[in-house]
1. Ser181 fails exactly one of the following numbered conditions: (1) away from the ligand (no atom under 12 Å from the Cβ); (2) touching a Lys or Arg at 6+ places or on another chain (Cβ under 7 Å). What is the number of that condition?
2. Among the residues of region 119-148, count how many are more than 14 Å from Phe98 (Cα to Cα) and in contact with an Asp or Glu (Cβ under 7 Å, 6 or more places away or on another chain).
3. Quick check on region 77-91: of everything there that is within 26 Å of Asn242 (Cα to Cα) and touching a Leu at 6+ places or on another chain (Cβ under 7 Å), which residue is most open to solvent (accessible area, probe 1.4 Å)?
4. When the residues of region 46-67 are filtered to those that are under 24 Å from Ala159 (Cα atoms) and of a type in the set (Gly, Ala, Ser), which remaining residue is least open to solvent (accessible area, probe 1.4 Å)?
5. State yes or no: is Leu226 outside any loop (DSSP other than H, G, I, E, B), open to solvent by 10 Å² or more (accessible area, probe 1.4 Å) and either in contact with a Lys or Arg (Cβ under 8 Å, 6 or more places away or on another chain) or modelled with pLDDT under 95 (or both)?
6. Have a look at Leu321, Leu311, Leu285, Leu275 and point out the one that is of a type in the set (A, V, I, L, M), modelled with pLDDT of 95 or more and open to solvent by 20 Å² or more (accessible area, probe 1.4 Å).
7. Scan region 166-220 for residues that are of a type outside the set (S, T, N, Q) and part of a strand (DSSP E or B) and jot them down.
8. For region 20-44, give me the residue count where each residue is under 29 Å from Ser343 (Cα atoms) and either acidic (Asp, Glu) or open to solvent by less than 60 Å² (accessible area, probe 1.4 Å) (or both).
Amino acid sequence: MNHVTHFAPGPSQIYFTVPDHIREAFRQQVPSISHRSKAFEEIFAHATDGLKTLLAIPDGFKIVFTTSATEVWERAVQSLVQEKTCHFVNGAFSKKFFETAKAQKKTATKIEVMDGLGFDNPATPPDAELVALIANETSTGVCMPAEFMRQVRAGNANALLMVDAVSALPYQPLPWEVLDSVYFSVQKGFGLPAGLGVWIFNDRCIAKAKAIAAAGLYLPSYHSLLSFLEMEKKNQTPETPNVLAIYLLGKVVEDFNRRGIDIIRKETEYKAAILYQALDSHPLLSTSVSEKKWRSKTSVVAHVGDHAFALFEHLSKHGLLAGDGYGAKKHQQLRFANFPAHSKEVYEKLCDLIGGFHG
Ligand SMILES: *Cc1c(COP(=O)(O)O)cnc(C)c1O
């Protein structure tokens, strides 16, 4: 297991500072402190303040912790929707949110395009209470430009706009001024162990959750937007949380802030550019997203045809573990996460090895 680099999008490569932060957490006995203590409140505030800086989250947005992004799908539908949702669907993750809304007995509609494509038409039903956008569809390697999110807002002033940013952050800049809610989990771009979700929402979400509760339409669940909010006021969580995970998030975010988001973005763009170049110029391989504006910078999907196994082996011999294709594409694609945990050097090595692959 020594010296391998994980390119699967999630769980992915752990950011290099994490082992030291874990040791420090145990030295300070972080996993034993009470989640009702002042020490925990400081850990909570350190993580949320750091995220506000890193992601340029405007004042007025609240940040709470869930178990996963998957949990956010269910809580959002329960807390924010009386009847109608609308989902932009272009792969497995955007589809799962749509299916969660249906499972919660909402009238969910979808605007769907084929895998490998993004969206051209920003029109949404005017009566949708929540519109689900996806900044980066990890299963297909397609990103959604901020400009498109602005167009969705321009066409729909009322709906709550909610963005799945799980595999897009911290890289992808978000148009916060037109958004109401953003969520992600930490095992992708933040290079942390899985098991923590981050849910960010604004006053419009709070007002909607209160209206649904006041109308007696909310079915209680162990977490709701309002139960999170009640505890967030004290920098606390409703239940006993994974304190270690929140501590580690705060530390890694501090590391990212020290490195600077501009540098992280420039490096991400450089690494994406050399990988797309290596795939585009290869006689046996290609990129699964042909349209440049939709090509994800943070999760590159390579179309490798019959060569998936051979290429995977070729890279693994050198300690680079590619991610499998997703679902039905498992054997024709390989996926490469491009997160802050993946150094420029390891990306240069990856691209050299791809260049030297002859089937
Ligand atoms: C991984 C992923 C999820 C699910 O995250 P969990 O932490 O497993 O709940 C949701 N959306 C996208 C885009 C993802 O990549």
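The values are calculated or read from the model by the stated rules, or taken from the named source; none is laboratory data. These numbers come from a predicted model, not from an experiment. Here Cβ is always computed from backbone atoms with ideal geometry, including for glycine, and neighbour counts include all displayed protein chains. The accessibility values were calculated without ligands, DNA or RNA, using every heavy atom of the protein model including side chains. Shrake-Rupley method; radii C 1.70, N 1.55, O 1.52, S 1.80 Å.
1. (2)
2. Looking only at that region, the number is 2.
3. Gln78
4. Gly60
5. Details: outside any loop (DSSP other than H, G, I, E, B): yes; open to solvent by 10 Å² or more (accessible area, probe 1.4 Å): yes; either in contact with a Lys or Arg (Cβ under 8 Å, 6 or more places away or on another chain) or modelled with pLDDT under 95 (or both): yes.
Answer is yes for this residue.
6. On the way: Leu311 fails: open to solvent by 20 Å² or more (accessible area, probe 1.4 Å); Leu285 fails: open to solvent by 20 Å² or more (accessible area, probe 1.4 Å); Leu275 fails: open to solvent by 20 Å² or more (accessible area, probe 1.4 Å).
Only one candidate passes the filter, namely Leu321.
7. Val182, Tyr183, Phe184, Gly197, Val198, Trp199, Ile200, Phe201 - these are the residues of region 166-220 that are of a type outside the set (S, T, N, Q) and part of a strand (DSSP E or B).
8. Residues meeting the conditions: 7.
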